[in-house]
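Peer 1: Just passing along the structure, written as structure tokens.
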Amino acid sequence: MKVLCFSSFTFSYLNRARVLFRTLKRHHPDWELVALITDRPPPGITIDVAAEDFDRIVWFEDLNLPDAFKWLFGHDIVEACTAVKGPFLHQTCEAGEVDAVIYLDPDTALLAPLNPVLELLEHHGGVLTPHLLEPEVQEQAILDNELASLRTGIFNLGFLAVRTDGEGARFAQWWNDRLLAYCHDDIPRGLFVDQRWCDHVPALFGSFAVLRDPGYNVASWNLSRRKVTIDWAGEVRINGHLLRFWHFTKLGPVGDSMTRRYAGANFQVYEIWNWYRRLVADATDPRIPDRYWAFGTFADGRTIEKRHRELYRYDRSLQERFPDPFGSGAGSFQSWLASQGPSTEAMD
């Protein structure tokens with residue numbers, strides 16, 4: 001089976017993506033590895049693909065979306081990096097050059113091969129992993145994990161595997177259409193980027209498999225029900241199952257707090273996190289500014305607020321009036337915002 005595996009990120013997550021691709025290359029050297037980047041390099045930064053563990057870069061512009069920059073302006077960084085997964089997956093399926101596409105978030109890392117996923121794809125259109133595999137038993141865990149999944153989606157879309165034909169291709173078309181139109185972080189409206197849409201998958205796409213192996217997509221939200229062990233040879237198991245990949249979400253104080261809450265005295269968890277931190281540190285380019293995103297500011301460098309992205313997203317008259325919403329100066333959307341008073345003023 002010919003496999004393409006991709007991750008979607010910006011330069012602020014390049015260090016994490018490098019770790020992911022390094023672990024992918026180690027376990028699956030025959031896969032095509034693609035970096036989908038919705039960003040532009042910071043000043044003075046270039047990427048030499050020959051020196052990276054991914055095979056090629058697909059830039060946001062390469063997706064050739066209609067009114068691409070109007071569309072992009074209407075999304076914050078998380079919304080944009082998740083939304084572009086749909087068109088890339090759909091376009092790859094339509095190209096028909098590979099048999100399967102696997103997506104992994106940039107803050108995941110493989111610790112063992114994903115061959116069982118390919119075996120599932122022999123007989124299924126796609127594969128999803130739920131956030132949770134067992135009911136929680138503590139009230140705090142119910143609030144943190146079961147209720148959170150009801151808000152943000154039953155399946156974690158940090159992983160997705162799809163066949164490029166049949167029902168897999170049909171899913172890719174549907175997901176593309178939904179993400180282009182509705183990939184927003186707006187829980188009151190029933191939306192949480194790409195994830196809530198996939199709650200429909202078991203009903204709409206019956207050939208998809210739900211992978212219930214606890215060795216996949218291990219993260220803080222399921223540690224309360226997953227015991228980590230490491231044997232004398234360094235093999236890591238989760239509830240007795242081989243650890244395939246870990247999702248190191250929210251690297252930093254928030255992730256540390258949630259991990260401590262649910263790992264408790266399972267000290268092997270902290271060994272894995274320390275291993276990951278060392279790899280990320282080694283892969284970090286200190287020249288890349290913290291939280292950098294080329295599309296996070298207007299042309300003059302001032303930050304674009306999310307409420308102004310939403311205003312532009314939902315008002316077609318503004319889109320027609322300001323075809324380049326990132327522009328600055330007289331006649332720009334930024335200037336118009338400043339003229340509207342405190343309710344919409346973009347900057348102080």
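Peer 1: Please go through the residue pairs 85/250; 25/227; 25/306; 2/227; 2/306 and name each one whose alpha carbons sit more than 31 Å apart in this structure.
Peer 2: Too far apart for the 31 Å limit: 25/306; 2/227; 2/306.
Peer 1: Something else about it: Between the range 263-310 and the range 136-185, what is the separation of their alpha carbon centroids in Å?
Peer 2: 22
Peer 1: Once amide H atoms are built 1.01 Å from N in the peptide plane, which residues 5 or more positions from residue 108, or in another chain, come under 5 Å H to H?
Peer 2: Correct list: 248.
Peer 1: While we're looking at this one, here's another question. List, in order, the whole-Hz ³J(HN,Hα) value for each residue of the range 192-203 obtained from phi through the Karplus relation with A = 6.51, B = -1.76, C = 1.60 and θ = phi - 60°; use x for Gly and Pro.
Peer 2: 9, 6, 8, 6, 4, 4, 7, 4, 6, 4, x, 7
Peer 1: Just want the answer: with Cβ charges of +1 for Lys and Arg and -1 for Asp and Glu, which residue in 331, 312, 301 is farthest toward the dipole's positive end in the range 300-339?
Peer 2: 312
Peer 1: Under 5 Å between amide hydrogens, which residues at least 5 positions from residue 58 or on another chain qualify, with H placed 1.01 Å from N in the peptide plane?
Peer 2: 35, 36, 37
Peer 1: Let me ask another. Using unit Cβ charges (K, R positive; D, E negative) and no other charged atoms, how large, in debye to the nearest 20, is the dipole of the chain about its Cα centre?
Peer 2: 580
Peer 1: Also, I was wondering about something else. Can you give me the relative contact order of the range 198-268 as a percent, contacts being Cα pairs under 8 Å and 6 or more apart?
Peer 2: That works out to 33 percent.
Peer 1: Output the peptides 190-201, 51-62 sorted from most to least packed, where packing is the average of other Cβ atoms within 10 Å over each peptide's residues.
Peer 2: Going from most to least packed, we get 190-201, 51-62.
Here, each number is a calculation from the coordinates, and none is a lab measurement. Only a predicted model underlies this, so the values are computations on that prediction, with no experimental measurement involved. A quick note on method: Cβ atoms are made from the backbone with ideal geometry, for glycine too, and the neighbour counts reach across all protein chains shown.
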